[in-house]
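Notes follow the structure.
The values are calculated or read from the model by the stated rules, or taken from the named source; none is laboratory data. As the structure is a prediction and not an experimental result, all values here were calculated from the model. With ideal geometry, Cβ positions are generated from the backbone for all residues, glycine too; neighbour counts draw on all protein chains shown. Heavy atoms of the whole protein, side chains included, go into the accessibility calculation; ligands, DNA and RNA do not. Shrake-Rupley method; radii C 1.70, N 1.55, O 1.52, S 1.80 Å.
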Amino acid sequence: FLVNSYLRSDNTINREIFIEKILKLYPGRPEEVAKRKDATMRVLKEAAMNPMIEVIALGIIHEYLSDEMSPQTRELMRRLYP
């Protein structure tokens with residue numbers, strides 16, 4: 001729901017709120033908040049440019065934020081977040 005809401009919104013403030021809510025679902029180490037936020041925003045930006053990958057983006061965000069990345073997701077995140 002939050003990813004869909006982010007992608008459908010053109011309001012910058014609302015998008016920021018959706019990102020914060022997504023990150024709250026996956027608590028991580030405090031020192032990694034900025035990195036996790038930036039990576040999540042990059043994936044959602046890609047999904048916003050190509051709606052066909054919305055479901056894939058949801059899976060990538062889940063794997064990344066839950067620290068259970070497959071080798072494919074790890075490679076994709078390496079490319080998006082060098």
_Which numbered condition Met69 fails, given (1) surrounded by fewer than 15 Cβ atoms within 10 Å (Cβ to Cβ); (2) outside any helix (DSSP H, G or I)_ = (1)
*Regarding Arg42, is this residue surrounded by fewer than 17 Cβ atoms within 10 Å (Cβ to Cβ) and without any contact (Cβ under 8 Å) to a residue 12 or more places away in the chain?*
no
_Selection within region 72-82 - open to solvent by 40 Å² or more (accessible area, probe 1.4 Å) and free of Cβ contacts under 8 Å to residues at least 24 places away in the same chain_ = Gln72, Arg74, Glu75, Leu76, Arg78, Arg79, Pro82
*Which ones in region 1-60 are of a type in the set (S, T, N, Q), in a helix (DSSP H, G or I) and more than 19 Å from Tyr81 (Cβ to Cβ)?*
Asn4, Ser5, Thr12, Asn14
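For the subset of region 1-31 comprising residues that are in contact with an Asp or Glu (Cβ under 8 Å, 6 or more places away or on another chain) and farther than 16 Å from Met69 by Cβ, which member is surrounded by the fewest Cβ atoms within 10 Å (Cβ to Cβ)?
At the first step, the residues of region 1-31 found to be in contact with an Asp or Glu (Cβ under 8 Å, 6 or more places away or on another chain) are 3-4, 7, 28.
With the extra rule that they be farther than 16 Å from Met69 by Cβ, the set shrinks to 3-4, 7.
On the way: Val3: 20, Asn4: 12, Leu7: 17.
It comes out as Asn4.
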_The lone exception for Ala48 - which of (1) among the hydrophobic types (A, V, I, L, M, F, W, C); (2) touching a Leu at 6+ places or on another chain (Cβ under 7 Å); (3) modelled with pLDDT of 90 or more it fails_ = (3)
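Among the candidates Ala57, Ala34, single out the residue that is open to solvent by 50 Å² or more (accessible area, probe 1.4 Å) and either modelled with pLDDT of 85 or more or hydrophobic (A, V, I, L, M, F, W, C) (or both). Give the derivation first.
Numbers: Ala57 fails: open to solvent by 50 Å² or more (accessible area, probe 1.4 Å).
Exactly one residue qualifies, and that residue is Ala34.
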